[in-house]
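Heads up, the thing below is written out as structure tokens.
The values are calculated or read from the model by the stated rules, or taken from the named source; none is laboratory data. These figures come from a predicted structure and were not determined experimentally. Cβ: placed from backbone, ideal geometry, glycine included. Neighbour counts: every protein chain shown.
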Amino acid sequence: MSNLWDLLIDPLLRGPTWGTILVCGALAAVGVLAYVRRTTQVGELISHAAYPGVVVGLLLTGSPAGAIAGAALSALIALGCMGRLTRRGLSPDNALALVLALFFGAGLLLASRAQFLDPRLFRQVQTYLYGQAPSMTDQHILLYAALALTVLLAIAICFKELQLWSFDPTQARLNGLGSRPLELMFIGLLTLSVLASLKAVGIVLATAMLVAPAVAARQFNNRLDRMLLWGALIGMVSGWLGLYCSLYGLPAGPMVALISVAIALASLLVAPRNGLLVRLGRMARFRRQCIDENILKAIWRAGDGMTTLAQLHNCVGGRLLSLRWALLRLRRHGWLTARIGLTLDGAQRAAVIVRRHRLWEAYLVTSLGVGIERVHPSAEEMEHILTPEVEAQLVQLLRDPRHDPHNQPIPQVPR
Amino acid sequence: MNPYTDQTFWGFFATAFQRLFQLLPLDQWTIDEVQLAVLALLGVGSALVGSWLVVRRMALMANALSHGLLIGIVAAYALIGSTHFPALLIGALLAGCVTSGCIEWLTRVVRLSDDAAISLIQSALFSLGVVALTLITRDSHIGTEIVMGQVDALHADDVRQVAWVTLVNGLMGLLLFRGYLITSFDSALARSLGFSSAWYGRLLMAQVSLTSIVAFRAVGVVLVVGLLIVPPLTARLWVHRIGHLMLLAAGISLCAALVGVALSRHMLSVYQMPLSTSGIVVVLLGVFYVGSRAAIAVRHWLAGRERIDGVDKYKILDIKYKI
């Protein structure tokens, strides 16, 4: 079986491969714009509403060009209907679902007519539902390269305007930027690329290519230009891999969609800054740090009075098992002796925490005028959060106090 | 011999009316009567559910759910080996849970925006369904049937199933009316009275998947959305109370089913043109919607001409009641 690279040059396979890659790139780039404008579902509308047009175009002309022209026409009519309905006060989601269902229903009606008139034609109609990538040829490469180039150029030329219009429509209007031409251009690009994808991923799955690469790109970037590049890249890679799966008998269109969604989900989970697992890990680490520091503090406060685990458990609370686990951890750090007692390092660490706690109380009372009886809970939280820099600033602000508001000594820690 | 063969539009109704009084057992119903019963019951049931979908703005969730259903159907077929009722029911409820659960997880825990989450999950589940289907059956016939519906393959069992589901939807509509009402329109009051908006939303999604699963044989999963959304939106143009909305929407669906089946027979008898009955029903719903819009526009135009001392009557209403 050929490997991934052969797909790109093999004379029979390069047509479908490059065609799918280019179409997916273009779709994904437009999808990024749709994603930041929160209108990804419009792609769903276009792809479903194109159905009656495809049938009529095929019935009238019998050629793929006719099908595409019909699809474009009915998609634009549907978009016009939706815009009109929303302007008349229907909520956008209801309007979208309404237009989508009605156009698809009309498409089904027409398709049943086509089935009766010409079963061969009907099968051709069906291929537009799920796409039929393997039937693409070298000519499609040129066609789709032209499409991708158009989309890319259009976005590149109007990038500044698109950016302003997407994120700050009011400012865009103030700058004399009419939203109408930009909106028309955006919708035009969207329609163009969704329709071009009919052959590659099919009517039903174009939405995946619009939304999934954009979601993935958003996880790694917070600038629109980089998001566009990343989105296009992720789209192209999923097109390539999806097509590779089709060599093993899996349908190409759905596989392209599945791979892009898998990439999106994976990046939602593990992206460096925003990924869910990364966020959860950060939270767990912080919680562990709080437990450790509370234990150190409790032992430090008790001095020699704390000898048994039960006493410590009374003092710190929480589950006994997690307490034992934390003690093990602290011993490995070298902060705790074999019994319940602090090493020199541990004592210093505990002193730092108590110092931050009392400094914060002093700050709240003297600088913010908070009542003495109310400062303790806040300090219980802040002692884990304060950094050495903030601590130094507090010391400077409060002129290095020796006692906190409760008249407890603030421990001095040698640097 | 089918008594409806070569009947025209009105002849269809005449025959149906005559046969109504013969009180035939369900097994002796002809295909036209089965279609009529299924589409009418389905229309009423989905209009009752769809009214809440429309006022809660969950139309797109329902659309996503109808896409997710495919994987449920395929799973039922693969694991239990049948596409009959109990297996399908379990598959559908499971698919409904997975779809709405995933979307809720993405929006609440992962903090993705609503529309992106819905698009992502619906296309993921749908393509998963298509892939699984291709692997299992090696042909896309069932896939096409699931998307398109196969109204000609209905039989008496389908009538029973649809009747049960419509009964359930009707009962839920009656019993939980206040809960749905309060969670849809006043979430603050609902919270203070102890109604959980989220759970009512999930219950509604369960009702939607129940309705969709019996509907997929008749109209296909995509058009279920049409049956759910369009009649309530049409009714919304005429009435302003949720109870009236539900009744009128059910009436509109019923009407579309009656006219649709008769029209389908008429086209076959007179023009020898077999058309998809479910397609006709949805297009009729669309015609009703556009017609209602037009009628209301005409009414406003006429009313605009009735002026009191040179002032538009509707302007006065606008100012006085802010409508």
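Hey, can you tell me all the residues within segment B:3-38 that are acidic (D, E), in a helix (DSSP H, G or I) and at pLDDT below 80? B:D27 - this is the single residue of segment B:3-38 that is acidic (D, E), in a helix (DSSP H, G or I) and at pLDDT below 80.
Being surrounded by fewer than 22 Cβ atoms within 10 Å (Cβ to Cβ) and closer than 30 Å to B:V282 by Cβ is a description that does not apply to A:S74.
Inspection of segment A:297-318 identifies at least one residue that is in contact (Cβ under 8 Å) with a residue 24 or more places away in the chain, among the basic types (K, R) and either assigned to a helix (DSSP H, G or I) or not assigned by TED's automatic domain parsing to the domain that holds A:V352 (or both). Segment B:147-262 holds helices (runs of 4 or more DSSP H) entirely within its bounds, and those carrying 3 or more residues that are within 30 Å of B:A76 (Cα to Cα) and more than 15 Å from the chain's Cα centre (by Cα) map to B:156-175, B:197-219.
Quick grid of which residues meet (1) within 28 Å of the chain's Cα centre (by Cα); (2) within 13 Å of chain B (Cβ to nearest Cβ); (3) among the small types (G, A, S); (4) under 19 Å from B:G286 (Cα atoms):
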position	(1), (2), (3), (4)
A:G43	yes, yes, yes, no
A:A49	yes, yes, yes, yes
A:L60	no, no, no, no
A:G80	no, no, yes, yes
A:S91	yes, yes, yes, yes
A:L110	no, yes, no, yes
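Would you pick out the residues in segment B:93-116 that are facing chain A (nearest Cβ under 9 Å) and either in a helix (DSSP H, G or I) or at pLDDT 90 or above (or both)? Within segment B:93-116, B:L106, B:D114, B:D115, B:A116 qualify. Of all residue pairs spaced 6 or more apart or on separate chains, those with beta-carbon atoms under 6 Å, a first member in segment A:223-244 that is without any contact (Cβ under 8 Å) to a residue 40 or more places away in the chain and a second member that is of a type in the set (G, A, S) are A:W230/A:A217. Condition check for B:A64 on (1) in a helix (DSSP H, G or I); (2) at the interface with chain A (Cβ under 9 Å from one of its Cβ atoms); (3) of a type in the set (A, V, I, L, M): one failure, at (2). Taken together, the residues in segment A:93-108 that are acidic (D, E) and either more than 8 Å from chain B (Cβ to nearest Cβ) or farther than 18 Å from B:S119 by Cβ (or both) amount to 0. Sort through A:A326, A:A362, A:A338 and tell me the only one that's within 42 Å of the chain's Cα centre (by Cα) and of a type in the set (G, A, S). Testing whether each residue is within 42 Å of the chain's Cα centre (by Cα) and of a type in the set (G, A, S) leaves just A:A326. Taking the residues in segment B:234-277 that are among the hydroxyl-bearing types (S, T, Y) and at pLDDT below 90 as candidates, determine which candidate is surrounded by the fewest Cβ atoms within 10 Å (Cβ to Cβ). It comes out as B:Y271.
Restricting attention to segment A:112-131, the residues that are modelled with pLDDT under 70 and either at the interface with another protein chain (Cβ under 9 Å from one of its Cβ atoms) or touching a Lys or Arg at 6+ places or on another chain (Cβ under 7 Å) (or both) total 4. With respect to A:W230, determine if the residue is touching a strand residue (DSSP E or B) at 6+ places or on another chain (Cβ under 7 Å) and assigned to a helix (DSSP H, G or I). Against the criterion (touching a strand residue (DSSP E or B) at 6+ places or on another chain (Cβ under 7 Å) and assigned to a helix (DSSP H, G or I)), A:W230 does not qualify.
Tally up the residues in segment A:158-211 that are small (G, A, S) and free of Cβ contacts under 8 Å to residues at least 60 places away in the same chain, please.
6
The set of residues in segment B:154-186 that are hydroxyl-bearing (S, T, Y) and loosely packed, with under 15 Cβ neighbours inside 10 Å is empty. Going by what's in this entry, would A:G107 be described as assigned by TED's automatic domain parsing to the domain that holds A:T137 and surrounded by fewer than 20 Cβ atoms within 10 Å (Cβ to Cβ)? Against the criterion (assigned by TED's automatic domain parsing to the domain that holds A:T137 and surrounded by fewer than 20 Cβ atoms within 10 Å (Cβ to Cβ)), A:G107 does not qualify.
Checked against the criterion of being out of contact with any His (no Cβ under 8 Å at 6 or more places or on another chain), within 14 Å of chain A (Cβ to nearest Cβ) and surrounded by 17 or more Cβ atoms within 10 Å (Cβ to Cβ), segment B:76-92 has no qualifying residue. Among the residues of segment A:243-273, just one is surrounded by fewer than 16 Cβ atoms within 10 Å (Cβ to Cβ), facing another protein chain (nearest Cβ under 9 Å) and of a type outside the set (A, V, I, L, M), namely A:G249.
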